[in-house]
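Here is the structure we will look at.
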Amino acid sequence: MNAYETNTNEMPMRFKAGAVDKLTYALQKFGDQQIHAILTFDGTFDELRLKKAFRVILDAEPRLGSKFVYHPKKPYWERRTDLDEIDYLSLIKVKDFQKQLFDFIVTPCNPEVDLPIQLRILREEKHDSLVIKTSHAVIDGGGINEFIALLGLVYQKLKVDQNYSLPINHGSRDLKQVLKRFNFFQKMFIFLKNMSSKPNWAFPWIGTKQEKPNYLLRRFPPEVFRKLKAFGKKYRATINDMLLTVFYRAIFELIKPKPSNKLVTVVTINLRSYLPNQRGESLCNLSAAAYPEVSYIPNEEFDKTLVRDEMKFRKSTAPGIGSAVFINNVFRMRFDNVVNSIRKRYLKDLKRNATHPVFTNVGLIRSKVFNFGDIKPFDGYLMTPIMKAPGFIFGVMTFNENLSISSGFYEGSYDKATFEKFFDLIEEELKAIEG
């Protein structure tokens, strides 16, 4: 039985903001905190039916149809009353796909003002690309996948029944739905064992201006993924281990840290893995972090750098739960005090030129997960938030076996050429792998 089958149709006007909602809102100091998913289909949508399907979901998952309200003590989500007047899905017949995609991605989405999730159909001659823009304050990468799957379901149902609707989902969007599966002593043990080391590096930056947003995206054919998989199987390493190793080796080559220095990185963890059917009670933020540390050894072979054992250690005691405990407890405090602490942390990071760079891998997505009936997606990728120095996020997604990497940045903070060099180094590492 799912959440939609058990809830009533009473629509509250206010909803509690979850701990990760508050965190991602507060982190707007470091970047735009927007995530984008792009899916290309082998046909075209019925625009009106897709728009209606989205409208059904905005009622079924009411936080998606709300705005974030800043409150110095406890911020919250407030239901919008203008959903039938605002433009939340538009169709554009494209002349220059990359330009029109770029324009949509870099347009701000302020969760205090704008609808926190928006859709755009970019229509070419024979197929549509569906672009999902979302504020990270309302949903994470795992939540976007759930949203797309639900959108496809409702889109199909409306073809048969034009009056199809869903009950309101009152399910939790808080970390407690995961943390309640651990007792107090388990949570404290995991937290203490998985405390992060102090930040000790940053991606090379040139300033702190939040101007001229940009991003890089590289795509790789299935052969690259297959080589990664074969090499990983040979050394009993996961695909994520392989990609994280590639990331570290490219960073080592780019910044040339002192030999034997251990660089600490945030690796995002999808907490849905601890839940039944690996799904949250609602479409929400359910992400936390692990903090691997990898040493720089000049001229080291790939299999020696391989982070397999380091990640096994990080996964040995419920990965992500330690940081979830920390986030959950911190955001019990008065919100403006936490925001001020994050601002002070930002200034400290700038002064010491060190932060916690983020590696996030949405994982392998099979096209069959996104079922829209008559038309099917044949390509897809994810775009990370656009970051201001010293913040940095490197994103990975594999759609079927097509691997993509992305990173967003403000050119007032970073030199584009440095990002291009880093991506070149990633590509060199991927090409050098032998299955």
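The values are calculated or read from the model by the stated rules, or taken from the named source; none is laboratory data. The structure displayed is predicted, hence computed values, not measured ones. Note: ideal-geometry Cβ built from the backbone for every residue, glycine included; neighbour counts use all protein chains shown.
Kindly list the number of the only condition in (1) within 30 Å of N353 (Cβ to Cβ); (2) in a loop (DSSP other than H, G, I, E, B); (3) touching a helix residue (DSSP H, G or I) at 6+ places or on another chain (Cβ under 7 Å) that fails for S165.
(1) is the only condition that S165 fails.
Taking segment 109-142 on its own, how many of its residues are out of contact with any Cys (no Cβ under 7 Å at 6 or more places or on another chain), among the β-branched types (V, I, T) and crowded, with 24+ Cβ neighbours inside 10 Å?
Of the residues in that region, 3 qualify.
Considering only segment 296-316, state which residues are more than 18 Å from N240 (Cβ to Cβ) and among the polar types (S, T, N, Q). Quick ask: steps written out before the conclusion?
Going residue by residue through segment 296-316, those that are more than 18 Å from N240 (Cβ to Cβ) are 296-301, 304.
The answer is N299, and nothing else.
For F191, which of the numbered conditions (1) more than 24 Å from I386 (Cα to Cα); (2) loosely packed, with under 14 Cβ neighbours inside 10 Å fails to hold?
Of the numbered conditions (1) more than 24 Å from I386 (Cα to Cα); (2) loosely packed, with under 14 Cβ neighbours inside 10 Å, the odd one out for F191 is (2).
Every residue, every condition in (1) at pLDDT 95 or above; (2) closer than 17 Å to K262 by Cβ; (3) over 23 Å from the mean Cα position of the chain (by Cα); (4) among the hydroxyl-bearing types (S, T, Y), yes or no:
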site: L192; (1), (2), (3), (4): no, no, yes, no
site: M195; (1), (2), (3), (4): no, yes, no, no
site: A202; (1), (2), (3), (4): yes, yes, no, no
site: Y235; (1), (2), (3), (4): no, no, yes, yes
site: F247; (1), (2), (3), (4): yes, yes, no, no
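Got a sec? Which of K209, K258, K234 is under 28 Å from L364 (Cα atoms) and surrounded by fewer than 19 Cβ atoms within 10 Å (Cβ to Cβ)? Show your work before the answer.
Numbers: K209 fails: under 28 Å from L364 (Cα atoms); K258 fails: under 28 Å from L364 (Cα atoms).
So the residue among K209, K258, K234 that is under 28 Å from L364 (Cα atoms) and surrounded by fewer than 19 Cβ atoms within 10 Å (Cβ to Cβ) is K234.
Any residue that is touching a residue at least 24 places away in the same chain (Cβ under 8 Å), in a loop (DSSP other than H, G, I, E, B) and of a type in the set (S, T, Y) - is there at least one of those in segment 388-410?
The initial filter retains those residues of segment 388-410 that are touching a residue at least 24 places away in the same chain (Cβ under 8 Å), namely 388-410.
Restricting the remaining residues to those that are in a loop (DSSP other than H, G, I, E, B) gives 388-392, 400-401.
Checking the rest, the ones that are also of a type in the set (S, T, Y) come to none.
Within segment 388-410 (the criterion being touching a residue at least 24 places away in the same chain (Cβ under 8 Å), in a loop (DSSP other than H, G, I, E, B) and of a type in the set (S, T, Y)), the answer is no, since none of the residues qualifies.
Please verify whether I148 is under 17 Å from the mean Cα position of the chain (by Cα), in contact (Cβ under 8 Å) with a residue 60 or more places away in the chain and either closer than 21 Å to L48 by Cβ or not assigned by TED's automatic domain parsing to the domain that holds M13 (or both), treating the condition exactly as stated. So that I can check it myself, show each step before the final result.
Numbers: under 17 Å from the mean Cα position of the chain (by Cα): yes; in contact (Cβ under 8 Å) with a residue 60 or more places away in the chain: yes; either closer than 21 Å to L48 by Cβ or not assigned by TED's automatic domain parsing to the domain that holds M13 (or both): yes.
Taking the combined requirement at face value, the residue satisfies it.
Could you give every pair whose Cβ atoms fall below 6 Å, whose first residue belongs to segment 4-28 and is within 28 Å of M387 (Cβ to Cβ), and whose second residue is outside any helix (DSSP H, G or I) and at pLDDT below 90, counting only separations of at least 6 or pairs across chains?
G18/R173
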